[in-house]
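S.K.: Below is one structure. I have some questions about it.
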Amino acid sequence: MKKILIINGPNLNLLGNREKNFYGKTTLNSIKTICEAYCKKNKMECNFFQSNHEGELIEKIHLAANDYAGIIINPAAYTHTSIALLDALRAIEKPKIEVHISNIYSRDDYRRKSITSEAVDGIICGFGEKGYTLAIDAIKNLIYKNSND
């Protein structure tokens, strides 16, 4: 069974209460439950992680080198600011998908540039919590494509 890491950045622990016009009413815990069930249905396992601290996110990415077949990451605000996350993602030679609940390209100017996307295989944004299951489908395809190479 392939194991993936799903990483969530700062303030995503506030989902369901925060800016519902952008992020909806679904909580991060509900998204975790959805992801775990979807992974199980797809014969995969996921470790779901959230932190408001950049260093903790980086440490988790480093673990992926040996412990996971791929990474799904919602870097949240670090998407637009973190060279450190970009470097950590670049260092891991595993499939990586970036996901965002809102469409970052229809938001404020400063949110339209994703620094971290330079180190991932693809980006999914604007589909609400459904973006996470779309990302699971994408990472599964990348993992199995790479294992057949």
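The values are calculated or read from the model by the stated rules, or taken from the named source; none is laboratory data. Predicted model, so just to flag it, every value in this text is computed and none were measured. Ideal geometry is used to build each Cβ from the backbone, glycine not excepted, and the neighbour counts take in all protein chains shown. For accessibility, only protein heavy atoms count, side chains too; no ligands or nucleic acids. Shrake-Rupley method; radii C 1.70, N 1.55, O 1.52, S 1.80 Å.
S.K.: Being open to solvent by 40 Å² or more (accessible area, probe 1.4 Å) and touching a residue at least 60 places away in the same chain (Cβ under 8 Å): is that true of Asp67 here?
M.R.: When the stated conditions are applied, Asp67 passes them.
S.K.: Can you confirm whether segment 125-133 contains a residue that is touching a strand residue (DSSP E or B) at 6+ places or on another chain (Cβ under 8 Å), open to solvent by less than 50 Å² (accessible area, probe 1.4 Å) and not in a helix (DSSP H, G or I)?
M.R.: Just the residues of segment 125-133 that are touching a strand residue (DSSP E or B) at 6+ places or on another chain (Cβ under 8 Å), to begin with: 125-126, 131-132.
Narrowing the set further to residues that are open to solvent by less than 50 Å² (accessible area, probe 1.4 Å) leaves 125-126, 131-132.
Now drop any that are not not in a helix (DSSP H, G or I), which leaves 125-126.
Taking every residue of segment 125-133 in turn, at least one turns out to be touching a strand residue (DSSP E or B) at 6+ places or on another chain (Cβ under 8 Å), open to solvent by less than 50 Å² (accessible area, probe 1.4 Å) and not in a helix (DSSP H, G or I).
S.K.: Does Leu89 count as surrounded by 14 or more Cβ atoms within 10 Å (Cβ to Cβ), at pLDDT 85 or above, among the hydrophobic types (A, V, I, L, M, F, W, C) and touching a helix residue (DSSP H, G or I) at 6+ places or on another chain (Cβ under 8 Å)?
M.R.: Yes: the conditions hold for Leu89.
S.K.: So which of Lys94, Lys145, Lys60, Lys140 is of a type in the set (Lys, Arg), open to solvent by 70 Å² or more (accessible area, probe 1.4 Å) and not in a strand (DSSP E or B)?
M.R.: Lys145
S.K.: Also, I was wondering about something else. Go through Lys41, Lys25 for me and flag whichever is modelled with pLDDT of 95 or more, over 15 Å from the mean Cα position of the chain (by Cα) and among the charged types (D, E, K, R). Break it down stepwise before answering.
M.R.: On the way: Lys25 fails: modelled with pLDDT of 95 or more.
On inspection, the qualifying residue turns out to be Lys41.
S.K.: List pairs: first in segment 40-60 and without any contact (Cβ under 8 Å) to a residue 40 or more places away in the chain and more than 18 Å from Asp87 (Cα to Cα), second open to solvent by less than 40 Å² (accessible area, probe 1.4 Å) and basic (Lys, Arg), Cβ under 7 Å, 6+ apart or cross-chain?
M.R.: The qualifying pairs do not exist here.
S.K.: So Ile34 fits all but one of (1) outside any helix (DSSP H, G or I); (2) more than 15 Å from Ile143 (Cβ to Cβ); (3) out of contact with any Leu (no Cβ under 9 Å at 6 or more places or on another chain); (4) aliphatic (A, V, I, L, M); what number is the exception?
M.R.: (1)
S.K.: Another one. What number goes with the only condition from (1) over 25 Å from Leu142 (Cβ atoms); (2) modelled with pLDDT under 95 that Leu12 does not pass?
M.R.: (1)
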